[in-house]
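The values are calculated or read from the model by the stated rules, or taken from the named source; none is laboratory data. Being a predicted model, the structure only gives us computed values, none of them experimental. Cβ placement follows ideal geometry from the backbone for every residue including glycine, while neighbour counts extend to all protein chains displayed. With ligands, DNA and RNA removed, areas are computed over all heavy atoms of the protein, side chains included. Shrake-Rupley method; radii C 1.70, N 1.55, O 1.52, S 1.80 Å.
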Amino acid sequence: MPIAEVALDWFERNARDLPWRVPGVGAWPILVSEVMLQQTPVSRVLPVWTDWVRRWPTPAHLAADTAADAIRAWGRLGYPRRAMRLHACAAAIVERHDGEVPSRLEQLLALPGIGDYTARAVAAFAYGQRHPVVDVNVRRLAARAVSGAAEPGPATTPADLALVEGLLPAEPAVAARVSAAYMELGAVICTARNQNCADCPLTSSCAWLAAGRPASTGPSRRPQGYAGTDRQVRGLIMAELRGSSEPVPGDRIAVLWHLPEQRDRALASLLADGLVTRSGRDRFALAGETRQDSVMNTARLGD
DNA sequence: GACCCGTGGAC
DNA sequence: TGTCCAAGGGT
């Protein structure tokens with residue numbers, strides 16, 4: 001039996017009950033879920049996604065509010081640039097596509113914050129198109145079940161896309177469902193830490209299992225690190241600004257970190273990223289918070 | 001391709 | 001406790 005059929009059968013009986021998978025959910029809520037799920041676990045996305053789609057049920061609703069609203073509602077999901085880009089994405093959809101999430105891959109790819117994975121995911125899951133949807137879960141599953149390697153390569157390659165494309169059935173809507181099944185298997189069964197082969201439906205054909213579950217051969221990727229990095233300092237500053245409805249004076253930011261040079265560098269990078277704006281001489285706020293920002297944004301969008 | 005970008009939970 | 005990891009994207 002083809003791997004697609006086995007995975008789909010397993011998925012129909014074991015899929016997690018996730019709200020963005022409910023039939024009839026629109027392309028916009030699906031797009032929002034995909035962006036939130038970039039590098040962020042499902043359990044943390046669930047409550048934020050629910051708030052977002054209730055508050056901003058369409059791109060036009062989000063575009064009508066400020067980037068600061070989006071960043072604040074993002075809460076502690078992490079990588080707040082995603083919130084800023086999602087806000088810009090909504091504005092771009094309103095401008096370029098009359099408020100409707102586009103369905104073509106190239107149109108999706110041209111939107112802020114939408115890369116190769118997310119474009120394919122939206123085209124497949126929201127519009128039922130036949131595209132290989134290749135995230136790290138799918139690459140890991142393919143590496144093991146098909147290639148017999150313990151771990152996937154460090155980045156998605158054209159070869160990965162071609163390999164997964166060959167694992168999809170012909171019918172587009174079914175192919176999309178199969179992609180969801182592959183992702184689910186990688187997320188729940190064939191994970192990075194564990195290989196729950198006892199619960200895996202693919203054991204009879206798994207190349208890695210057949211080879212005796214050989215250890216990883218490639219170089220181990222270097223650890224991320226966080227404590228003491230600029231990212232931590234940026235996070236502290238963003239948390240302070242999220243928690244304040246008024247612009248925050250510089251001295252309140254100064255006390256957040258003990259190394260002035262690093263603190264200034266973090267603040268400067270937030271300003272450069274457009275996440276933070278300076279208001280007055282020495283006060284700071286989330287970008288889009290102040291009237292001036294709104295005027296600037298309007299001007300920028302208009303040109 | 002290398003590097004940067006948050007946050008919290010599991011082990 | 002520290003390490004690893006989580007549906008990537010942009011530069």
Percent of all Cα-Cα pairs per 5 Å bin for the stretch A:27-125, counting from 0 up to the last occupied bin, reads 2, 15, 28, 28, 19, 7, 1
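Relative to the compact-globule scaling 2.2 N^0.38 Å, provide the ratio for the alpha-carbon radius of gyration of the stretch A:136-210.
Numbers: Rg = 11.8 Å, N = 75, 2.2 N^0.38 = 11.3 Å.
Output field value: 1.04.
Find the accessible area per residue for chain A; the probe is 1.4 Å, ligands and nucleic acids are left out, and the unit is Å². Numbers along the way, then the final one.
On the way: 15630 Å² over 303 residues.
Ligands and nucleic acids excluded, the figure is 52 Å² per residue.
Over all directions, average the projected area of the Cα convex hull of chain A and note it in nm².
Numbers: hull surface 69.7 nm².
Hull-based average projected area comes out at 17.4 nm².
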Of A:36, A:1, ordered by accessible area with the largest first and a 1.4 Å probe, the sequence is A:1, A:36
Shape descriptor, the stretch A:217-272: equivalent ellipsoid semi-axes (Cα gyration tensor, sqrt 5λ, whole Å, largest first) stand at 28, 12, 9
For chain A, longest principal axis from Cα atoms; helix A:291-302 axis from its Cα atoms; angle between them, nearest 10 degrees, is 50
From the Cα centre of the stretch A:57-133 to that of the stretch A:154-208, the distance in Å is 25
Measuring from the longest principal axis of the C-alpha atoms of chain A, the long axis of helix A:81-97 (C-alpha) lies at a number of degrees, nearest 10, equal to 80
The percentage of the accessible area of the stretch A:27-125 (probe 1.4 Å, all protein chains present) made up of carbon and sulfur atoms, to the nearest whole number, is 53
For residue A:258 the rounded accessible area (nearest 10 Å², probe 1.4 Å, non-protein molecules ignored) is 130
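What is the packing order of peptides A:55-62, A:196-203, A:91-98, taking the mean over residues of other C-beta atoms within 10 Å and listing the highest first?
On the way: A:55-62: 19.0, A:196-203: 15.1, A:91-98: 17.4.
Going from most to least packed, we get A:55-62, A:91-98, A:196-203.
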HN-Hα couplings for the stretch A:154-168 via Karplus (6.51, -1.76, 1.60; θ = phi - 60°), in whole Hz with x for Gly/Pro, come out as x, 8, 5, 10, x, 5, 4, 4, 5, 4, 5, 4, x, 9, 9
Note: the stretch A:149-303 at 37 °C, 0.692 mPa s; Kirkwood Rh on alpha carbon pairs; Stokes-Einstein D in µm²/s works out to 160
